[in-house]
Amino acid sequence: MAVKQTVSSRANPLYKRLRALVEKGAASDLCLLEGPRLVLEALAAGLTVVEAAAAPRAEATAVGRAALTALAAARVSVHHLKAELLASLSETETSQGLLALARRPTFQEDLLFRGKPLLLVADAVQNPGNLGGLLRTAEAAHATGAYLTAGCADPLSWKALRGAMGSAFRLPHVRALSMEAVIDRLTERGVAVLATAADGDTRYDEADLRRPVAIVVGAEGAGLNPVTLARAHGRLYVPLAPPVESLNVGVAAALVLYEAARQRGFAARAAPR
């Protein structure tokens with residue numbers, strides 16, 4: 001690894017760029033990657049990593065050394081950063097010693113509809129951890145893509161990326177459309193829009209999920225708005241034992257997406273030895 005620069009001051013341009021990205025978030029065309037595993041996931045997914053900053057801690061673990069080696073192979077400038085400075089940029093209590101800046105991935109909308117579409121639609125899911133978990137579950141269940149409507153958290157914020165574990169880099173997704181526009185596009189392509197609702201009319205494991213379908217989940221607490229429920233082609237419910245009235249959005253989505261995967265002949269990988 002070639003160390004290009006030693007950063008010891010908050011006035012350094014690199015530190016300022018990193019700090020600005022932490023504060024700007026989705027307003028930037030870059031995303032902040034924290035930790036060696038996320039850096040490795042981004043490189044493996046083909047993201048363009050612009051530059052990186054490492055503290056001595058990064059070289060203390062095998063995964064850290066692997067990330068530094070991968071960055072060097074990709075000809076990414078890796079700057080040495082004082083541990084205290086890097087820790088001041090970290091969202092975690094204990095910094096993992098590596099940060100990187102990468103170009104945000106963009107996806108052609110047609111990718112969402114490849115094969116027999118199985119789509120996740122997250123409507124105004126504002127909790128970034130929940131949104132990241134939704135993307136991870138969708139990819140794991142062989143979904144073909146996702147729509148993240150206006151009002152959703154940034155899927156490339158640090159908390160969302162921690163929940164997604166790399167899925168936000170790989171699963172094709174389109175952001176910031178209105179729910180009405182998403183339903184229009186799905187309907188035009190012959191995809192059934194199935195909303196999840198406590199008062200749904202079809203039990204989730206009794207619905208035909210082998211056809212092209214989009215599973216719509218709503219914001220935590222508020223759920224889906226009446227217009228979305230009215231325009232949906234069907235409403236699915238998960239049976240609950242009283243007095244429980246609802247499930248976490250991630251749990252509900254996982255149940256329905258994996259039921260769709262089961263109906264489509266989900267091929268699980270071999271169990272680890």
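Using only the Cα atoms, what convex hull volume per residue in Å³ does the chain have? All intermediate terms of the calculation are to be shown ahead of the outcome.
Working: hull volume 41.1 nm³, N = 273.
Dividing the Cα hull volume of the chain by its residues yields 150 Å³.
Roughly how big is segment 140-273's charge dipole about its Cα centre, with Cβ charges of +1 (Lys, Arg) and -1 (Asp, Glu), in debye to the nearest 20? Intermediate results must be reported in sequence, preceding the final value.
On the way: 15 positive and 12 negative charges, 145 e Å.
Roughly 700 debye for segment 140-273.
Of the lysine pairs in the chain, how many meet both conditions: Cα atoms under 20 Å apart, and a spacing of 8 or more in sequence or different chains? List each step's numbers first, then the result.
On the way: Lys4/Lys16; Lys4/Lys82; Lys16/Lys24; Lys16/Lys82; Lys24/Lys159.
Lysine pairs meeting both conditions in the chain amount to 5.
Taking H as built 1.01 Å from N, whose amide H comes closer than 5 Å to the amide H of Val50, not counting residues under 5 places away?
Distant-sequence amide H within range of Val50: Leu101, Ala102, Arg103.
For segment 180-194, just list the computed ³J(HN,Hα) in residue order, Karplus coefficients 6.51, -1.76 and 1.60, θ = phi - 60°, integers in Hz, with x standing in for Gly and Pro.
Once rounded to whole Hz, the list reads 4, 5, 5, 4, 4, 5, 5, 5, 4, 9, x, 9, 6, 9, 10.
May I ask which residue of Leu119, Ala198, Gly221 lies farthest towards the positive end of the charge dipole of segment 109-263, with charges of +1 (Lys, Arg) and -1 (Asp, Glu) on Cβ and the Cα centre as origin?
Result: Leu119.
Can you give the direction-averaged projected area of the convex hull of the alpha-carbon atoms in segment 87-145, in nm²?
Working: hull surface 23.5 nm².
That works out to 5.9 nm², a quarter of the Cα hull's surface.
Within the set of other residues whose C-beta is less than 12 Å from the C-beta of Arg185, count the net charge using Lys and Arg as +1 and Asp and Glu as -1.
Details: positive: Arg189; negative: Glu109, Asp110, Glu180, Asp184, Glu188.
Neighbour charge sum, excluding Arg185 itself: -4.
Using only the alpha-carbon atoms, what does segment 3-103 span along each of its principal axes? Please give whole angstrom values in decreasing order.
Computed over the Cα atoms, the extents are 29, 28, 26 Å.
So for the pair Ser9, Ser88, with labels modelled 7 Å out along Cα→Cβ, what separation do we get in nm?
Label-label distance for Ser9 and Ser88, simple model: 1.3 nm.
Connecting C-alpha atoms closer than 10 Å in a GNM of the chain, tell me which of Leu32, Leu118, Leu47 has the biggest fluctuation.
Sorting by GNM fluctuation, first place goes to Leu47.
Throughout, read-outs are computed from the coordinates displayed, never taken from laboratory work. Given the structure is predicted, the values throughout are model-derived calculations rather than measurements. Cβ sites come from the backbone with ideal geometry, for glycine too, and all protein chains shown count toward neighbours.
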